[in-house]
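*Asks:* Have a look at this one.
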Amino acid sequence: MSATLVSNLGWYPASWRRFPANQMPSYGEPEQLKSVEARLEAAAPVIAFQDAQRLRQAMAGLAEGRGFLLQGGDCAESFDDPVAEQVSGIVGLFEEMAAKIRPAVNGPLIEVARIAGQFAKPRSAQTETHEGETLPAYRGDIVNGTSFDALSRRADPQRMIRAHMQSVGTAASLAAARGSDPPIFTSHEALLLPYEEPLTRRDPAGRWWATSGHMLWLGDRTRQVDGAHVEYLRGIENVVGVKCGPSLQPEELCRLIDRLDPVGSPGKLVLIGRFGAKKIRQLLPPLMRAAKDRPVVWTIDPMHGNTSMTGKRKVRRLPDILAEIDAFFAIAQAEGVHGGGVHLEMSALDVTECIGGRGPASIAELDKNWLTACDPRLNRAQAIDLAAHIAALMA
Ligand code: PEP
Ligand code: MN
């Protein structure tokens, strides 16, 4: 029996149901939910487990200090996305960014998009109030709708079917757009467990894979060591990302690693720091020291820790984003850790969602082309400039 099978004793795709789950929608009709889950269980996988296995192998090299992970895409995909255009846009953007970064990397560049399943969103506030009316928060198109009315904010299990169909189509166009070698892998936050569970499939060797995407990550709001999301993720063979936010304590990180990767498989875990430019210098070094003897990959998400609110709008500024990236590479070098990659929210379009650089100059300009379904993304020019900035840091 392989080490992996021993390590996930007591686990099965539904074992998360025995643990408290944060950020889960409450579905009105249990019968409808059950029938959707049954349909997903019989549905086609979004990705082939052999490709998820390829990503595991690639990531193992990164854990040994060779290569770089470029991960990015929308904060949230939408049912209104024009899929073919979306895919060719992101493929083109990855190519332009890779052209900047690749020459500076010692080893392979691993490309992973937030796509073909990035539909579920965790929310800080469970409800939203407008002119005296309070409704459930929008949780992503896989759960409910954006418009502020009771019907569209109702959690509808049928949306999982639609998300799955769109993801299958998106993953297929992504594979066709790029040919097979080297692929752009898919990823999303493993948040909506009633969607993930029925798409969890067994390979001929008896190992379990999430077939909803090549890489899944644990969000900063659902990383409770004894919670349902950690329980689900500990049993699958896919590369698993862990968002590491400001409240994560070093001993907590060690317990998370013990739970998610008890056997210490190189590249199984990607730790994604997201502290904010002001906090990273204080918070990241103790975490890197705590994980020093573990075969993990460290990357930086410079988006989520650098977000502030002005009125109803989330504001992100390019100088803060670049400052957190700079600090990440400086800290990694000082700690003797490989600065393994970046995790970005970005669009191939000329959106006006983040302030600075070749984007809007001020808050007043954000309205010009604000298209995101959730968080503000770098636009194409900002993303390419950021790639050049990273290349210069690594050179
Ligand atoms: C995200 O990546 O869109 C997200 C919600 O991140 P985090 O869990 O780090 O806040
Ligand atoms: Mn986001």
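No lab work stands behind these numbers, since they all come straight from the coordinates. A quick note: this is a predicted structure, and the numbers were derived from the prediction, not measured. No Cβ is skipped: glycine too gets one built from the backbone with ideal geometry, and neighbour counts run over all protein chains shown.
*Asks:* Would you mind putting 341-347, 316-322 in packing order, based on average other-beta-carbon counts within 10 Å, highest first? Don't skip to the end; give the middle numbers.
*Replies:* On the way: 341-347: 26.1, 316-322: 20.9.
Top to bottom by mean Cβ count within 10 Å: 341-347, 316-322.
*Asks:* With a sphere of radius 12 Å drawn around the Cβ of residue 20, what net charge do the other residues whose Cβ falls strictly inside it have (Lys, Arg +1; Asp, Glu -1)?
*Replies:* On the way: positive: 17, 18; negative: 226, 231.
After counting each charged neighbour, the total is 0.
*Asks:* A follow-up question, please. Pick from 167, 88, 187: which is most flexible by mean-square fluctuation in a GNM of the chain where alpha carbon atoms under 10 Å apart are linked?
*Replies:* 88
*Asks:* At a Cα cut-off below 30 Å, give the lysines reachable from residue 279, other chains included and same-chain residues fewer than 8 away excluded.
*Replies:* Answer for residue 279, where 30 Å is the Cα cut-off: 100, 121, 243, 268, 292, 312, 314, listed by chain and number.
*Asks:* Taking K and R as +1 and D and E as -1, what net charge do the other residues with C-beta under 12 Å from the C-beta of residue 297 add up to? Could you put the intermediate results ahead of the total?
*Replies:* Numbers: positive: 56, 66, 268, 294; negative: 64, 261.
With Lys, Arg at +1 and Asp, Glu at -1, the net is +2.
*Asks:* Okay, moving on. Rounded to the nearest 5, what % of the DSSP beta bridges within region 3-394 are antiparallel ones? It would help to have the intermediate numbers written out before the result.
*Replies:* Details: 11 of 45 bridges.
Rounded to the nearest five, the antiparallel share is 25 percent.
*Asks:* Also, I was wondering about something else. Going by average Cβ neighbours within 10 Å, how do the peptides 108-119, 373-384, 152-163, 195-206 rank, with the highest at the top? Display every interim value, and only then the final one.
*Replies:* Numbers: 108-119: 25.8, 373-384: 21.9, 152-163: 19.2, 195-206: 16.8.
By packing density, highest mean first, the sequence is 108-119, 373-384, 152-163, 195-206.
*Asks:* I'd like the distance separating the alpha-carbon centroids of region 174-226 and region 68-145, in whole Å.
*Replies:* 14 Å
*Asks:* Taking the Cβ of residue 108 as the center, what net charge do the other residues with Cβ under 15 Å away carry, scoring Lys and Arg +1 and Asp and Glu -1? Don't skip to the end; give the middle numbers.
*Replies:* Numbers: positive: 54, 56, 66, 102; negative: 64, 111, 181.
Here the charged neighbours net out to +1.
*Asks:* Now, a different point. Return the long-range amide H neighbours of residue 371 (sequence gap of 5 or more, or a different chain), with a cut-off of under 5 Å between placed amide H atoms.
*Replies:* Here 352 satisfy the definition.
*Asks:* Right, next: Which one of 45, 250, 30 has the biggest mean-square fluctuation once the chain is modelled by GNM with Cα springs under 10 Å?
*Replies:* Comparing 45, 250, 30 in the GNM, the peak value goes to 30.
*Asks:* On full extension of the chain, what length is gained from residue 369 through residue 129, given 0.36 nm per residue of separation minus the C-alpha to C-alpha distance?
*Replies:* Working: separation 240, 0.36 × 240 = 86.40 nm, distance 2.50 nm.
Difference between extended and current length: 83.9 nm.
*Asks:* Ranked highest first by the average count of other Cβ atoms within 10 Å around their residues, in what order do 353-365, 225-237 fall? Before the final figure, lay out each step's value.
*Replies:* Values: 353-365: 17.6, 225-237: 21.2.
Ranking the peptides 353-365, 225-237 by packing returns 225-237, 353-365.
*Asks:* What cysteines in the chain have no other cysteine with a beta carbon less than 4.7 Å from their beta carbon?
*Replies:* Result for the chain is 244, 254, 354, no neighbouring Cys Cβ within the cutoff.
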